[in-house]
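Report on the structure given below.
No lab work stands behind these numbers, since they all come straight from the coordinates. Model, not experiment: these values are computed from the prediction. No Cβ is skipped: glycine too gets one built from the backbone with ideal geometry, and neighbour counts run over all protein chains shown.
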Amino acid sequence: MTNSTTATVLGWPRQGPKRVLKRAIEAYWAGRSSADQLHEVAAGLRADAWKQLSDNGIREVPTGDFSYYDHVLDTAIMVGAVPQRYRDAATGELDIYFAMARGNDQVAPLEMTKWFDTNYHYLVPELSPTTTFTADASRQIEHFNEATAAGHTARPVLVGPLTFLLLAKPAADAPADFDRLSLLEPLLEVYVEILAQLREAGAEWVQLDEPALVLDQPAAVLDAARAALQRLGSATDRPKLLIASYFAALQDAFEVLADAPVDGVAIDCTVADNVTAILEHGLAGKRLVAGVIDGRNVWAADLDERLATLRRLAARVDDLVVGSSCSLLHVPLDASKETAVDDEVRSWLAFAREKVLELHTLATALDDEAAATPALERARDAIASRRNSARTHDAAVRAGMAGVTEADAHRAAAFEQRRPQQHEALGLPVLPTTTIGSFPQTDAVRKARAALRKGEIDRAAYESAMQGEIAAVIELQEELGLDVLVHGEPERNDMVQYFAEQLDGYLATSHGWVQSYGTRCVRPPIIFGDVSRPEPMTVRWWQYAQSLTQRPVKGMLTGPVTMLAWSFVRDDQPLGDTAQQVALALRDEVSDLEAAGCRVIQVDEPALRETLPLRSADRPAYLDWATESFRLATSSVADTTQVHTHMCYADFGDIFAAIDDLDADVISLEATRSGMSLADDLQQSGYAKGVGPGVYDIHSPRVPSSDEIRALLEKAVHALDIRQVWVNPDCGLKTRNTDEVRSALTNLVAAATAVRASS
Ligand code: GLN
Ligand code: ZN
């Protein structure tokens, strides 16, 4: 039998080992190195990555997926969609590029937002009717040439034209009725030109990523997609086209791809629906890059099961390549580097490097199973060990889950009955003032944390430093006259990691960096087993803070949905089950806080909106377990105990019903940037519980005047019942400095006082 099946990845992590790229870019920004030095580091990283891929059996390596900041920004540059203000504010290609990415002293950066439902953020291109596109394939060609010069077969990867347009936003000066798709035709001509240039450079295949096809799209968009693929497919002098789409079910878009006059499609075959569609409709002779290895999780795959899927696909399509479901950008580089993780658990992990080995094994096994036997057996052992481990199946946690009743996820009394009881218990004024939780993370806090990590100070010294911070924050809030205080969260490095470190079933990595945006990388914790709480996590800090004041201090926790959203999650049980385990652990914490005397407990869910499934058909089931897990975490408390929640970074319009379903007594929401239009939306949705629409934009160093805050507050009071309204900033104050916070909160309290007096 010939070994003819090949494997490929749709893209690769960019930062290199130990975040080399991040350091090189930041050195350039700081003026410590030149553009040439930066280019050299980057070229070295690319060369190493391609070599590693090809040494491990990937015969066609992706190029052009590398980026100094973001691939959508790179695409904007490639098609010449550079707003004039950036050309005016910087000179030289690289500095214009970085001005768009992060702004400079003359110009603000492009807006940034999440790449589909991942934790990667892209820069939002701006378009208007006057946008003219021009082809600049230089970077693509340069990277392609580097790879071929090193002896690799390379496949340039480009964001596709449709996805580029759909991810862009109208520029500030675009007319209200501007339709981005009106630019499709001229944009396609530029793509045709770029494709011809890549062909001329020697590219046999080019990959165009069109993940926008997995969103619910109106018929007009699908028509546009059809026309676009027609146009690209009919171009002369073009390379073979591989259209890639991933992250969810293609549904109606499947036939658009299957019928298009292109040469190949890369389809996310971790989605069962997509596999069914391929088996039913076939691909009319096209190459299929079958994305059977999940590019978004960190788990070793069940290779027998993937192999079975591949065999069924191989029987249906003519030309099969084994692939990752999406770019491996979203996973860390190398699980073998995690030496602090014990051998058993480490054998369950597959980061980018291990996923390549899996792909190679699958491709080998398709042609000749015997040749892949040792690797398949190792995979079987890992799967069996994970499946049977007491760490993934903790009997006590399972018993707790089995014991959950319907009543556990509901407060004893309805909100209307709770409200007067809380009013009496807390004795707060109308328009109570509060903050979201964190106060500025001072240098002293950061230094103490670093010193603890390096062993320069002991735990006791660290804790007393944190207590000093808490005392200062309590004193400041009393001086400002806030009504419900917070302890300021100095002891938390990060709102998810802090809890993950204290919960069983969670794992921290040492090198598991993934790019969040630009040079910002995060190390998400990994939920590997049943989650439980060995001991109270926040109670002592709260007690200390409360001991310093007569005013109520909020207990402060991160909710189950957010604990999942900013972690790598298990793939061996439904997400809802994992959420329930986290909820039960938090429920114990909530009960302990209450038993310690805490009367106001906030459980943050900033990620509730962002993990909403891409396809609307999948949303009700998600919102069901998401809201239920929040209620399970918070419903053990007495009617007199007030439950708060907080959300930010989102457009809440499509989840008001779910927000109501959380049954929190008070929710604080980001609202300043929208000019308080949120209050009208809340009113129209019939939201009747307590709500603090933010009146201070904490993303900006600007201190709002008390008149500005008052105007926002008056809007809120006008739209809503004054008895509902709370007064608070948009989000935590962690990123601001103490002077800004002091001034802004002084104005916030003054505005609340003024509105109270006048209503
Ligand atoms: N309590 C957190 C804080 O104030 C909430 C942060 C968030 O919403 N992202 O920092
Ligand atoms: Zn927030």
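From the mean inverse distance of alpha carbon pairs (Kirkwood) and the Cα radius of gyration, derive Rg over Rh for segment 323-388.
Over the Cα atoms of segment 323-388, Rg/Rh equals 0.99.
Viscosity 1.002 mPa s, temperature 20 °C: what is the translational diffusion coefficient of segment 493-550 from Stokes-Einstein with a Kirkwood Rh over Cα pairs, rounded to a whole number of µm²/s?
Diffusion coefficient, whole number: 159 µm²/s.
Going toward the positive end of the dipole of the chain, with +1 on Lys and Arg Cβ and -1 on Asp and Glu Cβ, which of T134, A7, T442 do you reach last?
T442
Could you list which residues have their amide H under 5 Å from that of A266, counting only those 5 or more apart in sequence or on another chain, with H placed in the peptide plane?
For A266, whose amide H was placed from the backbone, the distant partners under 5 Å are I243, A244, S245, V289.
Using only the Cα atoms of segment 406-447, what do you get for the radius of gyration and for Dmax, in Å?
Cα only, segment 406-447: 17.5, 47 Å (Rg, Dmax).
How large is the Kirkwood hydrodynamic radius of segment 626-759, counting all unique pairs of alpha carbons, in Å?
On the way: mean 1/r = 0.0651 Å⁻¹.
Here the Kirkwood hydrodynamic radius works out to 15.4 Å.
What does the highest-first list of 143-154, 490-501, 612-623 look like by mean Cβ count within 10 Å?
Going by the mean number of other Cβ atoms within 10 Å, highest first, we get 490-501, 143-154, 612-623.
Which distance in Å, rounded to a whole number, links the C-alpha centroids of segment 193-214 and segment 593-624?
Answer, in whole Å: 41.
Taking the convex hull of the alpha carbon atoms in segment 189-341, what volume per residue do you get, in Å³?
On the way: hull volume 19.6 nm³, N = 153.
It comes to 128 Å³ per residue, whole-number rounded.
Assuming 1.306 mPa s and 10 °C, estimate D for segment 139-251 with Stokes-Einstein, Rh taken as the Kirkwood radius over Cα pairs, in µm²/s.
The estimated diffusion coefficient comes to 104 µm²/s.
Over segment 511-632, with a single point scatterer placed on each C-alpha, what log10 of the ratio I(q)/I(0) does the Debye formula yield at q = 0.19 1/Å?
-1.08
So for segment 533-589, what are the equivalent ellipsoid semi-axes in whole Å, largest first, each being the square root of 5 times an eigenvalue of the Cα gyration tensor?
Gyration-tensor ellipsoid for segment 533-589: 29, 11, 8 Å.
Please work out how much length the chain gains when fully extended from Q550 to R59, using 0.36 nm per residue of separation minus the C-alpha to C-alpha distance, in nm with one decimal. Intermediate values should be presented prior to the final figure.
Details: separation 491, 0.36 × 491 = 176.76 nm, distance 6.82 nm.
169.9 nm is the gain from fully extending Q550 to R59.
Sorting T753, T131 on the 10 Å Cβ count, fewest up front, what's the list?
T753, T131
Mean projection of the alpha-carbon convex hull of segment 108-162 over all orientations, in nm²?
Its Cα hull, projected and averaged over all orientations, spans 6.1 nm².
Return the sequence-ordered ³J(HN,Hα) values of segment 449-466 in whole Hz as given by the Karplus equation 6.51 cos²θ - 1.76 cosθ + 1.60 applied to θ = phi - 60°, using x for Gly and Pro.
Rounded to whole hertz, the list is 5, 5, 5, 5, 4, 7, x, 7, 10, 8, 3, 5, 5, 4, 5, 6, 5, 5.
How long are the semi-axes of the equivalent ellipsoid of segment 553-693, taking √(5λ) for every eigenvalue λ of the Cα gyration tensor, in whole Å from largest down?
22, 21, 12
Taking the Cα centre of each part, how many Å lie between segment 663-725 and segment 358-383?
Spelled out, the Cα-based centre of one part sits 57 Å from the other.
Report the one residue of F656, S677, A638 whose Cα lies farthest in the direction of the positive end of the charge dipole of segment 631-739 (charges on C-beta: Lys and Arg +1, Asp and Glu -1; origin at the Cα centre).
A638
Note the angle between two axes, namely the Cα long axis of helix 219-233 and the longest principal axis of the Cα atoms of the chain, as a number of degrees from 0 to 90, rounded to the nearest 10.
Helix 219-233 sits roughly 30 degrees off the main axis of the chain.
Let me see the P(r) profile for segment 685-759: every Cα-Cα distance counted, bins of 5 Å, each bin given as a percent of all pairs.
3, 17, 28, 23, 15, 10, 4, 0
What is the angle, in °, between the Cα long axis of helix 619-634 and the longest principal axis of the Cα atoms in the chain? Nearest 10 is fine, range 0 to 90.
Tilt relative to the chain: about 40 degrees.
What distance in nm lies between label points placed 7 Å from Cα along the C-beta direction at E456 and T276?
5.9 nm
What is the Cα radius of gyration of the chain over 2.2 N^0.38 Å, N being its residue count?
0.99
Using the alpha-carbon centroid of each, what span in Å lies between segment 532-558 and segment 319-342?
Segment 532-558 and segment 319-342 have Cα centres separated by 39 Å.
Cα-based Rg of segment 1-101 per 2.2 N^0.38 Å, rounded to two decimals?
Working: Rg = 16.5 Å, N = 101, 2.2 N^0.38 = 12.7 Å.
In units of the globular-protein estimate, segment 1-101 measures up at 1.30.
Helix 303-316 sits at what angle to the longest principal axis of the chain, using alpha carbons and giving 0 to 90 degrees rounded to 10?
50 degrees
Only bridges with both residues in the chain count here: give the DSSP antiparallel percent, nearest 5.
Roughly 15 percent of the beta bridges in the chain run antiparallel, per DSSP.
Evaluate the Debye formula for segment 114-196 with equal point scatterers sitting on the alpha carbons, no solvent, and hand back log10 of I(q)/I(0) at q = 0.12 Å⁻¹, in q order, two decimals.
Once normalised to I(0) and log-transformed, intensities are -0.47.
Given +1 on the Cβ of Lys and Arg, -1 on the Cβ of Asp and Glu, and no further charges, what dipole in debye does segment 46-90 carry about its Cα centre, rounded to the nearest 20?
Numbers: 5 positive and 7 negative charges, 25 e Å.
The calculation lands at about 120 debye.
Over segment 255-296, how many percent of alpha carbon pairs lie in each 5 Å bin up to the one with the longest distance?
6, 25, 34, 23, 10, 3
Please report Rg (one decimal) and Dmax (integer) in Å for the Cα set of segment 629-705.
Expressed in Å, the Cα Rg and Dmax of segment 629-705 come to 13.6, 40.
Order 4-17, 228-241, 553-566, 183-196 from most to least packed using the mean count of other Cβ atoms within 10 Å.
Numbers: 4-17: 21.9, 228-241: 17.3, 553-566: 26.7, 183-196: 19.0.
Those peptides, ordered most packed to least, come out 553-566, 4-17, 183-196, 228-241.
Could you compute Rg(Cα) / (2.2 N^0.38 Å) for segment 213-287, with N its residue count?
Rg over 2.2 N^0.38 Å, computed on Cα atoms: 1.06.
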